[in-house]
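Here the structure is laid out as structure tokens; the discussion comes afterwards.
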Amino acid sequence: RTTALSDAPYVPSPEESDAIARMKELLGPKGWIDNPADMEGNLIEDRGIYHGRAQLVAKPATTEEVSGVLKLCNEAGIPVVPQGGNTSLCGGSVPFEEGNEIVLSLSRMNKVRSIDPLNFTMTVEAGCVLQTLQEEAAKADRYFPLSLAAEGSCMIGGNLGTNAGGTNVLRYGNARELTLGIEVVLPDGRIWNGLGSLRKDNTGYDLKHLFIGSEGTLGVITATVLKLFPKPRDIRTAFCAIRDVDAALELLQRARAESGDSVETFELIPRLVIDLVLKHMPDCEDPLETRYDMYTLIELVTTRDNDDGIEERFEGILGQAMEDGLILDAALAQNEHQRQELWKLRENASESQKIEGASIKHDVSVPVASVPTFYAAAAEAVHKVDPEARIVAFGHMGDGNLHYNVQEPEGGDTKAFVGNWDAYNRAVHDVVVSFGGSISAEHGIGRLKREELAHYKDPVALDLMRTLKAAIDPKGIMNPGKVI
Ligand code: FAD
């Protein structure tokens with residue numbers, strides 16, 4: 001599913017041309033680009049599915065500049081696509097093909113405004129790269145737990161825009177739960193300073209939650225107050241071959257209960273993922289000598305200094321699970337280097353799949369206890385579409401979120417596979433919904449899943465979403481055509 005670019009240049013109205021000229025003046029020479037070659041990286045997504053055009057990429061450096069840009073766009077009716085690291089992969093962060101939109105990149109708004117270790121908070125601008133924030137928190141002997149494979153390039157504004165999850169949701173919650181306050185520029189240019197750092201504030205509607213996960217359709221998040229946590233002092237990591245997905249569920253609940261709920265990560269990884277990673281990533285190795293069908297990557301943390309007991313607890317849980325036949329074999333990281341080697345198997349899953357060929361991705365969630373039955377039911381539904389389709393279903397089992405990806409058959413006909421795009425979506429999503437699950441647990445809806453949302457979302461909820469959109473963005477300039 002690629003989109004073709006029209007050759008016809010977009011012809012702006014005199015009002016639009018005037019607004020763009022004033023925008024350039026407001027932003028100064030470092031604050032915008034409009035040369036198509038220079039804008040290219042802002043117009044296309046990593047997977048190349050969507051490739052749009054824009055009148056301009058605006059790069060404001062301050063909240064006031066964002067406000068000025070939105071005011072001009074609102075008056076002239078120019079649609080705005082907010083953009084962070086452009087890693088969300090569902091078409092929400094890039095413009096459509098017409099060329100009438102502007103991209104508003106937050107990349108220059110990358111200051112950590114303050115860190116308050118006593119309050120366990122940090123106040124940061126939307127363009128801060130996630131990994132930088134983890135590092136800044138660590139320097140203050142604190143921990144910012146949001147973690148995902150794109151953390152070296154995604155930005156916190158985009159993380160909030162998509163309500164990102166990642167590998168530590170089980171213990172700390174997703175971006176929504178890590179946010180105490182936000183600063184937002186509304187479509188008409190008004191600035192809402194909601195940068196409170198309170199743990200308790202019951203003064204009416206909690207407006208920040210409207211903007212978190214709204215994928216740039218209601219306003220531009222320019223800054224946020226994030227929750228910090230005590231820094232983990234020790235972390236234990238194991239890559240375990242397990243009997244099956246049922247065994248994974250049993251292991252997860254035992255590990256949570258027996259560790260004082262200190263399981264930080266619990267990832268499910270089928271053998272096909274390991275095979276693809278080993279095939280396409282020459283510096284990755286299988287830590288186990290024998291091949292098994294299913295694995296988990298599990299981590300336990302302690303925030304206590306010199307907590308010698310963690311090793312005993314971890315090995316006790318794994319040892320008992322081995323005796324009971326849940327775990328068949330395991331590799332335990334003895335140091336940080338070995339830990340990173342184990343993580344590479346998980347973090348290279350998406351990239352290896354991309355190199356292998358076409359895949360149709362479903363980022364779904366079901367109640368954690370339903371993961372094993374969902375896993376089997378979804379496989380059956382997918383194989384009804386094509387028995388040769390390869391199922392690459394892996395991910396954050398600890399919070400019920402799986403990347404349920406369907407990979408083209410080995411040596412198969414890519415065109416025929418992609419031709420079944422809608423059939424695969426229907427197969428997987430129908431099963432997800434039958435388990436009370438969500439068709440989008442991460443990444444968002446963007447453009448890719450808009451029709452799926454319209455198909456599956458409760459009509460009353462959709463109606464409320466449209467009402468809110470119309471109230472906050474009456475001219476419809478914020479990321480139109482995305483989400484709803
Ligand atoms: P972008 O892609 O730039 O934008 C995402 C959406 O938010 C767009 O609709 C955009 O308009 C809007 N937006 C961006 N900035 C703002 C702002 N300041 N104000 C308002 N709206 C804004 N996601 C997960 O949740 N968990 C994972 O485990 C995970 N793993 C990934 C692994 C890989 C290899 C890759 C490539 C992606 C992964 N993602 C994952 C998806 C992606 O990294 C997240 O969705 C991330 O939060 C997007 O951040 P971004 O800065 O790239 O946002």
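The values are calculated or read from the model by the stated rules, or taken from the named source; none is laboratory data. Since the model is a prediction, treat every value here as computed from it, not as a measurement. Positions of Cβ are backbone-derived with ideal geometry, glycine not excepted, and every protein chain shown enters the neighbour counts.
Every listed requirement among (1) closer than 29 Å to L148 by Cα; (2) in contact with a Pro (Cβ under 9 Å, 6 or more places away or on another chain); (3) of a type outside the set (S, T, N, Q) is met by I477 save one, (1).
What residue, of A138, A175, is buried (at least 21 other Cβ atoms within 10 Å of the Cβ) and either on the phi < 0 side of the Ramachandran plot or near the ligand (Cβ under 10 Å from one of its atoms) (or both)?
A175
Of all residues in the stretch 198-221, those that are touching a residue at least 40 places away in the same chain (Cβ under 8 Å) have Cβ atoms under 7 Å from Cβ atoms of residues that are among the polar types (S, T, N, Q), 6 or more apart or on another chain, in I212/N163; I212/T179; G213/T162; G213/N163; E215/T162; E215/N479; G216/N479; T217/N479. Only residues that are away from the ligand (no atom under 15 Å from the Cβ) and in a loop (DSSP other than H, G, I, E, B) were counted in the stretch 79-129, giving 8. With respect to (1) buried (at least 23 other Cβ atoms within 10 Å of the Cβ); (2) closer than 26 Å to T87 by Cβ; (3) among the aliphatic types (A, V, I, L, M), the lone exception for V418 is condition (1). When residues in the stretch 171-201 are screened for being modelled with pLDDT under 95 and more than 11 Å from L146 (Cα to Cα), 6 of them pass.
I'd like the residue in the stretch 240-287 that is more than 19 Å from G400 (Cα to Cα) and touching a Phe, Trp or Tyr at 6+ places or on another chain (Cβ under 6 Å) and, out of all such residues, is modelled with the highest pLDDT. Among residues in the stretch 240-287 that are more than 19 Å from G400 (Cα to Cα) and touching a Phe, Trp or Tyr at 6+ places or on another chain (Cβ under 6 Å), the one modelled with the highest pLDDT is A241. Considering only residues in the stretch 24-49 that are outside any helix (DSSP H, G or I) and in contact with a helix residue (DSSP H, G or I) (Cβ under 6 Å, 6 or more places away or on another chain), the one that is surrounded by the fewest Cβ atoms within 10 Å (Cβ to Cβ) turns out to be I33. Quick check on the stretch 279-297. Is at least one of its residues out of contact with any His (no Cβ under 7 Å at 6 or more places or on another chain) and assigned to a helix (DSSP H, G or I)? Within the stretch 279-297, one or more residues are out of contact with any His (no Cβ under 7 Å at 6 or more places or on another chain) and assigned to a helix (DSSP H, G or I). What is the one condition in (1) in contact (Cβ under 8 Å) with a residue 12 or more places away in the chain; (2) within 30 Å of R233 (Cα to Cα); (3) surrounded by fewer than 22 Cβ atoms within 10 Å (Cβ to Cβ) that R346 does not satisfy? It fails just one condition, (3).
On the given criteria, is C128 crowded, with 23+ Cβ neighbours inside 10 Å and in contact with a Gly (Cβ under 6 Å, 6 or more places away or on another chain)?
Criteria not met by C128.
Just wondering, is there one or more residues in the stretch 53-69 that are outside any helix (DSSP H, G or I), small (G, A, S), over 18 Å from D188 (Cα atoms) and at pLDDT 95 or above? Within the stretch 53-69 (the criterion being outside any helix (DSSP H, G or I), small (G, A, S), over 18 Å from D188 (Cα atoms) and at pLDDT 95 or above), the answer is yes, since at least one residue qualifies.
Just to be sure before I move on: is V185 surrounded by 21 or more Cβ atoms within 10 Å (Cβ to Cβ), of a type in the set (A, V, I, L, M) and over 30 Å from S350 (Cα atoms) in the structure I sent? Yes.
Return the residues of the stretch 144-172 that are of a type in the set (G, A, S), more than 6 Å from the ligand (Cβ to nearest atom) and assigned to a loop (DSSP other than H, G, I, E, B); say none if nothing qualifies.
Answer for the stretch 144-172, where residues must be of a type in the set (G, A, S), more than 6 Å from the ligand (Cβ to nearest atom) and assigned to a loop (DSSP other than H, G, I, E, B): G152, S153.
Among the residues of the stretch 12-23, the one identified as surrounded by 12 or more Cβ atoms within 10 Å (Cβ to Cβ) and free of Cβ contacts under 8 Å to residues at least 24 places away in the same chain is S17. Here A423, A461, A471 are screened, and the one residue that is closer than 29 Å to T167 by Cβ and free of Cβ contacts under 8 Å to residues at least 60 places away in the same chain is A461. In the set (1) at pLDDT 95 or above; (2) out of contact with any helix residue (DSSP H, G or I) (no Cβ under 7 Å at 6 or more places or on another chain); (3) farther than 21 Å from A358 by Cβ, R426 fails one condition alone, (3). Selection over the stretch 242-263 of residues that are more than 21 Å from T373 (Cβ to Cβ) and crowded, with 23+ Cβ neighbours inside 10 Å gives a count of 1.
Pairing each residue of the stretch 181-193 that is part of a strand (DSSP E or B) with any residue that is within 12 Å of the ligand (Cβ to nearest atom) and polar (S, T, N, Q), provided the two are 6+ apart or on different chains, yields C-beta distances under 7 Å for G181/T224; I182/T224; E183/T63; E183/T222; V184/T222; V185/T63; V185/T222; I191/T63.
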